[in-house]
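Data first, discussion second: the structure below is written as structure tokens.
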Amino acid sequence: MPELLVEYLSEEIPAGMQLKAKKDLRDIFDKSLKDTRFEGYSFKSFSGPRRITIVVSNLPSNQESFVEEKKGPSISAPAKAIEGFLRSNGIDNINKLEIRELKKGKFYFLVRQIEGMSTSKVLESIIEESLKNFPWPKSMKWASGNSRWVRPLRNILAIYNGKVIPVSFAGVNSSNKTYGHRFLSPDKIVVKNFSDYRSKLLASKVIVDDELRHKEICIQIHELSKSKGLELIEDKELVNE
């Protein structure tokens, strides 16, 4: 099934904010997808010195349709109350409402079929909201705009089923491109999907998965200590940083 890949690339993210950002990104997308009636998907998020990334798998091509039910005023309510209910729900004729008998009397009910939107359109809205309302502990404005991010945002990668989801934030338009290591391999990279993204970034000196990066750091610290005949004093907080 189709896959969503999103990456927000910025100037250096403070070390103490990276893991929280990873969790926040996952929570935002999980809540938004559930709120828009998506089920059965799986996802994983990642964080690093300049990027936060999420990949969501097993997404359907369309949002499910559903039946909306709203209880309205009593049939004996003032005309203005009934007219207000019609107006607020975009109904032009009272005959489009059902009348149901409850314990407290007869009430109007609005019952209508809501057609699901395309998944790409729903995701566009979710991505835009995640950018506007991301809960950074501290954020900043830069240049002449009012948009805020932890540090100046430089790139938005957003692709669903291999196609770009068009969003814009802080003067940056989304694309199917990202960038490798800032100093060792800074060239632009065109991405097709998460597998392609991960392998191309690895070739460009970036380990996307922060857990794998953590393991690699620990391995190299121990190997270096052993090669120098030194005993390592473990410092988990320093390793995490």
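The values are calculated or read from the model by the stated rules, or taken from the named source; none is laboratory data. For clarity, every value in this text was computed on a predicted model and none was experimentally measured. Every residue, glycine among them, receives a Cβ derived from its backbone with ideal geometry; neighbour counts consider all protein chains shown. Each accessible area value is taken on the protein alone, full model and side chains, heavy atoms only, with ligands, DNA and RNA left out. Shrake-Rupley method; radii C 1.70, N 1.55, O 1.52, S 1.80 Å.
What to note about this one:
Residues are listed down the side, and each one gets a yes or a no for (1) among the charged types (D, E, K, R); (2) more than 30 Å from residue 1 (Cβ to Cβ):
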position	(1), (2)
166	no, no
182	yes, yes
192	yes, no
216	yes, yes
222	no, yes
234	yes, yes
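- Residues that are open to solvent by less than 40 Å² (accessible area, probe 1.4 Å) and more than 16 Å from the chain's Cα centre (by Cα) were ranked within region 49-67; the one that is farthest from residue 88 (Cα to Cα) is 50.
- Tally, over region 219-241, of residues that are within 22 Å of residue 22 (Cβ to Cβ) and either assigned to a helix (DSSP H, G or I) or basic (Lys, Arg) (or both): 6
- Tally of residues being closer than 23 Å to residue 59 by Cβ, outside any strand (DSSP E or B) and at pLDDT 95 or above across region 162-199: 13
- Failed item in (1) more than 21 Å from residue 20 (Cβ to Cβ); (2) open to solvent by less than 40 Å² (accessible area, probe 1.4 Å), with residue 150 passing the rest: (1)
- Checked against the criterion of being under 14 Å from the mean Cα position of the chain (by Cα), part of a strand (DSSP E or B) and not β-branched (Val, Ile, Thr), the candidates 131, 110, 123, 157 yield just one match: 157.
- Looking only at residues of region 1-48 that are of a type in the set (Asp, Glu) and closer than 15 Å to residue 139 by Cβ, we find that the one that is most open to solvent (accessible area, probe 1.4 Å) is 12.
- Residue 212 vs. criteria modelled with pLDDT under 95 and either open to solvent by 20 Å² or more (accessible area, probe 1.4 Å) or charged (D, E, K, R) (or both): no
- In region 76-126, residue surrounded by the most Cβ atoms within 10 Å (Cβ to Cβ) [restricted to those that are under 30 Å from residue 2 (Cα atoms) and acidic (Asp, Glu)]: 124
- Within region 68-80, residues that are free of Cβ contacts under 8 Å to residues at least 60 places away in the same chain sit with their Cβ atoms under 7 Å from residues that are open to solvent by 40 Å² or more (accessible area, probe 1.4 Å) and not polar (S, T, N, Q), at 6+ positions apart or across chains, in these pairs: 68/112; 68/114; 69/111; 73/81; 74/106; 75/99; 75/106.
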